[in-house]
1. Just to confirm, what accessible area per residue do you get for segment 80-137 at 1.4 Å probe, in whole Å²?
2. For Thr144, which sequence-distant residues (separation of 5 or more, or a different chain) have an amide H within less than 5 Å of its own amide H, given hydrogens modelled in the peptide plane?
3. Take the cross-link list Lys34/Lys58; Lys48/Lys82; Lys34/Lys135; Lys58/Lys125; Lys82/Lys106 and give me the ones stretching past 24 Å between alpha-carbons.
4. For segment 43-177, give the percent of accessible area contributed by carbon and sulfur heavy atoms, probe 1.4 Å, rounded to a whole number.
5. List the aspartates and glutamates whose Cα lies under 17 Å from the Cα of Lys177, skipping any in the same chain that are fewer than 8 positions away.
6. For the chain, take the longest principal axis of its alpha carbons; what is the angle in degrees between that and the long axis of helix 7-16, to the nearest 10 within 0 to 90?
7. Let me have the relative contact order for the chain, percent, based on Cα pairs under 8 Å that are six or more residues apart.
8. In whole Hz and in residue order, list the ³J(HN,Hα) couplings for segment 33-50 that follow from phi through the Karplus curve 6.51 cos²θ - 1.76 cosθ + 1.60, θ = phi - 60°; x for Gly and Pro.
Amino acid sequence: MYRKFTPPLLSLLMAACGGLQQPTAEVSVPENIKPQSNESLATIVRAKGVQVYECRAKKDQPGGYEWAFVAPEADLFDVNGKGLGRHYAGPRWQSSDGSTIAGTLKERADAPAANAIPWLLLSAKSVGPEGAFSKVTSIQRVNTVGGLAPGEGCSQAAIGTAARINYTADYYFFTAK
C-alpha cells in the first residue's frame, strides 16, 4: 500500500527532521516491513556501493564453504544525487554532518527483483552527534539492485578471499510522528 503525503504535511515533517531531503517517491512494500503506525516518512536516501562477502568454511557442514556477509560500503545521496554521507558496517548510516544511526534488523522480505539483496525493516538508534540523521527511528531498505553473494568460487583454496558485489538501494528513513 502506498502512503500519500501532502505538501503541507511534508513541510511539517521536514521542519521536524532538521531539513532532511523531501521524499519524492513511493514504494509498495510487504506488510512485515512496514514501519510502525506512529512513524512517518522523513526522507529517502539512495545508496550506491558494494556488499562485501568473505569466503569461509561452513560451521555446520565440515568440508563445506560459503560466502559470508561482512559489511556494506556505500555512498549515500539525496534524491537529487547530492552526496549525503556513507553507509558501513554495523550497519550504520553517517551523514556528512556527523550524525550517525545504527540499525538493528527487525524484518526482511525477498526483493521483487531477481538477483537483488532482500528488502529490510530496521530499527534505528542515534549513536552520534545531533544532525540530519539523529531523529531517525526506523529504516526500510527497498528498491534493491544487485548485492547478492556470489553463487560460486568459494572453496578451501579461496578461504579468506573477499568479494565486493555492486549494489544500489533506497533507504527510507522514518521518524516519530
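The values are calculated or read from the model by the stated rules, or taken from the named source; none is laboratory data. Here the structure is a predicted model, which means the values were calculated and not measured. When the accessible area is computed, the model is the full protein with side chains, heavy atoms only, and any ligands, DNA or RNA have been set aside. Shrake-Rupley method; radii C 1.70, N 1.55, O 1.52, S 1.80 Å.
1. I get 52 Å² per residue for segment 80-137.
2. Amide H neighbours of Thr144: Asp170.
3. From the list (Lys34/Lys58; Lys48/Lys82; Lys34/Lys135; Lys58/Lys125; Lys82/Lys106), the Cα-Cα distance tops 24 Å for Lys34/Lys58; Lys58/Lys125; Lys82/Lys106.
4. Working: 3340 of 6760 Å².
Roughly 49 percent, rounded to a whole number.
5. Glu39
6. Result, in degrees: 70.
7. Details: 445 pairs, mean separation 45.6, N = 177.
Once normalised by length, the contact order is 26 percent.
8. Residue by residue, segment 33-50 yields 10, 7, x, 5, 5, 8, 10, 10, 5, 9, 6, 10, 10, 9, 10, 9, x, 9 Hz.
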